[in-house]
Amino acid sequence: MRPSALRLAGILAACLLCESGCGGATGLRAARDSAGAAGPVYDRDTQVAVLLADTIQTLQRLGAGSPAEQAEIVTNAQQSYERGGGGSAQLRYALILGTPGHAGRDAVRARQLLRELAAQPETLAPVERALSLFELAQLDRELGLLGDNERLRANASRSVDQDRYAAASRRLQAELDDNARLRRQLEETQAKLEALASIERNLPDHKSNSEVRKK
């Protein structure tokens, strides 16, 4: 059984970063004014917020879908990544590959893709970089624990280090036990993120332009 709590922790952290980074309508207007132009900052912040909300929904569908639906999600993400050549599409594909609970999961490949993104941070928005680094750390931790378990399992089969193997198994189980709590927090944060994105998309353009002229 794979530790889905690690996956949800990464997504939750990214949502919280996005929410605090965007800071609501007032924060976005302040960012636009400080940059000296309303359009580019506003559009980029909103685009990233909407993209992350959509990614979270996709990951939820991936975890709850049928095998056929899961395979379709993985295939679509792979095709988008192959067409896009990196950046947000690569991050989305890595997140899907790293999500537990489906036959196409490949944590090793997901970690490789995230390491490539870490070496090219300019291809991602700030909140996407934060998410990719957080998720990479979680996968490193998961794969490290699994590697330790495998080594200790081999030793345990020869009646060596039984206690260490049991302790490592308990640590891994503790990560799994956090899953339900993190899922509830994730759903609450997703609702806030979607509400913020909806508000920002519907702000009147003339109001933004008048505020810029007054500055």
Kindly establish whether Ala31 is buried (at least 17 other Cβ atoms within 10 Å of the Cβ) and modelled with pLDDT under 55.
-> yes
Of the numbered conditions (1) modelled with pLDDT under 90; (2) surrounded by 14 or more Cβ atoms within 10 Å (Cβ to Cβ), Ser157 satisfies every one except a single condition; which is it?
-> (2)
Report yes if Arg171 is out of contact with any Gly (no Cβ under 8 Å at 6 or more places or on another chain), modelled with pLDDT under 75 and of a type outside the set (A, V, I, L, M, F, W, C), otherwise no.
-> no
In region 50-137, which helices (runs of 4 or more DSSP H) lie fully inside it and hold 3 or more residues that are in contact (Cβ under 8 Å) with a residue 24 or more places away in the chain and either touching an Asp or Glu at 6+ places or on another chain (Cβ under 8 Å) or of a type in the set (Phe, Trp, Tyr) (or both)?
-> 87-98, 107-118
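The values are calculated or read from the model by the stated rules, or taken from the named source; none is laboratory data. Bear in mind the structure is a predicted one, so any value in this text is a computation, not a measurement. No Cβ is skipped: glycine too gets one built from the backbone with ideal geometry, and neighbour counts run over all protein chains shown.
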